[in-house]
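Report on one structure; see the data block that follows.
The values are calculated or read from the model by the stated rules, or taken from the named source; none is laboratory data. None of these values were measured; they are calculated from a predicted model. Neighbour counts run over all protein chains shown; Cβ positions are idealised from the backbone, glycine included.
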Amino acid sequence: MKTSRPDLVVIHEHPEWQKPLFAALERRGVNFAPYDVTQAAFSNFDPPPAALYFNQASPSAYVRGNTRAVPLALAYMRTLEQLGARVLNGADVFALELSKSVQATLLRTLDIDTPRSITFNDPSALRAFEDRIAWPAVLKPDQGGSGARIQVVESLAQVEDVFRRDPQVWLPDNLFLLQEYLPHDPEQGIVRLEFLGGELLYAMRVKTHGRFNLCPSPVCNPDDGEGVCEIPAHEPVAAPPVEFYPYPEVPREAVATAKRIVQAAKLDVGGIEYLETPDGRRVFYDINANSNLRPSVAEAFGFDPFERVVDFLVGKLQPRSTARART
């Protein structure tokens, strides 16, 4: 029977994404509680009700009308950590996920091949870099998520026109990147590696068909039929659905590089994405702290990914359980 004080709290914004995790936690009898940051409040005088928190909040909340969820989640995690609670994928990790600009700089400092990026808050400021920009380029918001508002642009004039036509594009944080466009073999797609506790859980190839919403959750990109998530602007709606395939033969060197990223970013659970260009570059470009696991892919490796996550969470709870037993 669950007590009034949970052992684990799952911080989230998208209840549909969390259903498989919640079901796995319930099957295992874990005393947990969800904390939905879409409509929430917290104080700075109440002690944290749980010793362990698991952050599953998503930067893409704003495309679902939940713009205020992100700042509350970040403030809540910072408060929890200052009050002594442990937060998996906590405030610093979430802040990294919220900024593609900071991710790009982290990868550069690790001497890992990553797209060249220019961060800006006014298109006119890009003119100072005009002689260093190669077209086409990728235009993306600093606070990304689910491919929202990413598009390929052909000129600085087109960039200026994007913001002139729709000033709302600047939301949620009024910061954008112009990033090096990297072609890749559409039949090979991109690669996403899922990590749990610092170790590779599984790898998969993702055939994008020109789409930018590569969320692995079956809620967004089901194996059959249409997803229920809002399709971000600039997606090629007529394109075939995104395809996800197990990738057991992922190169060891790629896994080692991704593991370095996971360690540097201090990810407890997360996904790292890269692509391979026709001229032989292996380019890492995305760090995901919110890891929407793909059961059909993990099944090909012989396990339920959410059961593995619960194993990990239970392992983090055990020290607390041991301490209770001693008192």
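Values as computed for the structure displayed
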| item | result |
| --- | --- |
| Some residue of segment 50-59 being over 21 Å from R308 (Cα atoms), at pLDDT below 95, assigned to a helix (DSSP H, G or I) and under 16 Å from the mean Cα position of the chain (by Cα) | yes |
| Candidate set: segment 85-112, residues that are small (G, A, S), assigned to a helix (DSSP H, G or I) and without any contact (Cβ under 8 Å) to a residue 40 or more places away in the chain; chosen: the one surrounded by the fewest Cβ atoms within 10 Å (Cβ to Cβ) | A95 |
| In segment 152-203, residue farthest from A300 (Cα to Cα) [restricted to those that are among the polar types (S, T, N, Q) and touching a Lys or Arg at 6+ places or on another chain (Cβ under 8 Å)] | Q179 |
| Yes/no for P34 being within 21 Å of L293 (Cα to Cα), without any contact (Cβ under 8 Å) to a residue 40 or more places away in the chain and of a type outside the set (K, R) | yes |
| Cβ-Cβ under 7 Å pairs, at least 6 apart or on other chains, segment 252-273 side touching a residue at least 24 places away in the same chain (Cβ under 8 Å) and outside any strand (DSSP E or B), far side surrounded by 21 or more Cβ atoms within 10 Å (Cβ to Cβ) and among the hydroxyl-bearing types (S, T, Y) | A254/Y274 |
| Residues of segment 113-165 classified as more than 26 Å from A95 (Cβ to Cβ), in contact with an Asp or Glu (Cβ under 8 Å, 6 or more places away or on another chain) and crowded, with 16+ Cβ neighbours inside 10 Å, total | 1 |
